[in-house]
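Each remark here refers to the structure printed beneath this line.
The numbers here are math on the coordinates, done by the rules we state, and not lab data. These numbers come from a predicted model, not from an experiment. With ideal geometry, Cβ positions are generated from the backbone for all residues, glycine too; neighbour counts draw on all protein chains shown.
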Amino acid sequence: MSVSDYERARKLGLQSYRHEVTRGRYPYLPALEEMVSGLPAMKEEAVGVCEIPIYLVCGTLTKGRQEAFAKNYMPILPEDSEFAAKWIHLLGYQQSEGISDPVTACEFMGRFYIQEGNKRVSVLKYLEQPDIPADVTRILLPDDNSSKEAKIYREFLAFFECTGIYGIYFSGEGYYAKLAGLFGMTLGERWPDDAVLSLKSEFFTFSRLYAEHCGGNSALTYGDAFMIYAGTFTPGSLLDDSDDEIRGKLGQIWPGHVGLLERLKKFCGF
């Protein structure tokens, strides 16, 4: 692989770095250990090896090498560094063989922080790969945390136990049970493989076209928007409709973003 790939990736990293600095924000990858320092000790549980959405990987576990990357996970060290040579080698391996070794990651509140494998994440983000294999350990919130975010996250954990799906997140309580009902399922039992695959496929298709429709600037989480779409049109239609048909339906229910949260709450009966 040529140095030009690293130069392009580094340019993206330096753009992100300058963007954060000019706004007075920390320009490097966040480190989970620093984020949770001072909090009560939290339990851990092994999730195991699974495919995780790469857009949910947002930082490192420890400080270590975090300053080798900008906040968008693009490299920022010079092209003649040993780090750059290793990055270029990984890129070449991905394009010729495919990276199959899982990274080691901690999941906290639905986001992932890498313990080992940050360069692999950087390369796959550069190549815009949707997923990455990861050996995941989950860090659990204390049982006495009763914040809204904690309650929603615990509902996500019940959904995850049934589906093993990461990436579908809601802004309010009760939505996971509503989503399960739309697909004729519950949160009390493991979903059949075909139901899981159907939901993942529908959500992936919806997210891709919804991001295009709203220009990446959504007033809702993609889960919230997906709930409205799935409740407005027949569940399963995302697998049958063409991209243009889906774009047309998006245009029917999203002429703008005014009142969408209220519409979602009304639709879900809250």
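Kirkwood hydrodynamic radius for the stretch 102-143: how many Å is it when counted over pairs of different Cα atoms?
By the Kirkwood definition, the hydrodynamic radius is 10.9 Å.
Could you rank the peptides 200-206, 104-110 by their average count of other C-beta atoms within 10 Å per residue, with the highest value first?
Ranking, from highest mean packing down: 104-110, 200-206.
Provide the per-residue ³J(HN,Hα) series for the stretch 158-163, in order, calculated from phi with Karplus coefficients 6.51, -1.76, 1.60 and θ = phi - 60°, each as a whole number of Hz, with x at glycine and proline positions.
5, 5, 5, 4, 7, 10
What number comes out for the charge environment of P27, summing +1 per Lys or Arg and -1 per Asp or Glu over other residues with Cβ under 10 Å away?
+2
Determine the sum of side-chain charges near G236: Lys and Arg each +1, Asp and Glu each -1, restricted to other residues whose C-beta is under 12 angstrom from that of G236.
-4
Which net charge results when you count Lys and Arg as +1 and Asp and Glu as -1 among the other residues whose beta-carbon is under 15 Å from that of I139?
Charge balance in the 15 Å sphere: -4.
Report the one residue of L61, V36, Q15 whose Cα lies farthest in the direction of the positive end of the charge dipole of the stretch 1-73 (charges on C-beta: Lys and Arg +1, Asp and Glu -1; origin at the Cα centre).
Going by the Cα projections, it comes out as Q15.
Could you work out how far apart the two model spin labels at E51 and R18 are, taking each label as a point 7 Å from the Cα in the direction of the beta carbon, and quote it in nm?
So the label points at E51 and R18 sit 3.7 nm apart.
Below 8 Å, C-alpha to C-alpha, sequence gap of six or more: please give me the relative contact order for the stretch 87-136 in percent.
Relative CO of the stretch 87-136 lands at 42 percent.
How far apart, in nm, are the 7 Å Cα→Cβ label points at T186 and H213?
If labels sit at T186 and H213, their model points lie 3.2 nm apart.
Starting with the highest mean, order 94-101, 11-18, 161-168 by the number of other Cβ atoms within 10 Å, averaged over the residues of each peptide.
Packing proxy ranking, top to bottom: 161-168, 11-18, 94-101.
Residue by residue, what Karplus-based ³J(HN,Hα) values in Hz, rounded to whole numbers, does the stretch 5-12 have, using 6.51, -1.76 and 1.60 with θ = phi - 60° and x for Gly and Pro?
So the J values, rounded to whole Hz, are 5, 5, 4, 5, 5, 5, 4, 5.
Ranking request for peptides 63-70, 220-227: highest mean number of other beta-carbon atoms within 10 Å first, then the rest in descending order.
The most tightly packed comes first, giving 220-227, 63-70.
Figure the gain on full extension for S100 and A158 (residue separation times 0.36 nm, minus the Cα-Cα span) and round it to one decimal in nm.
Taking 0.36 nm per residue and subtracting the Cα distance, the gain is 18.0 nm.
So the label point goes 7 Å from the Cα of S171 along Cα→C-beta, right? Which residues of the stretch 187-225 then have their backbone N under 11 Å from it?
218-225
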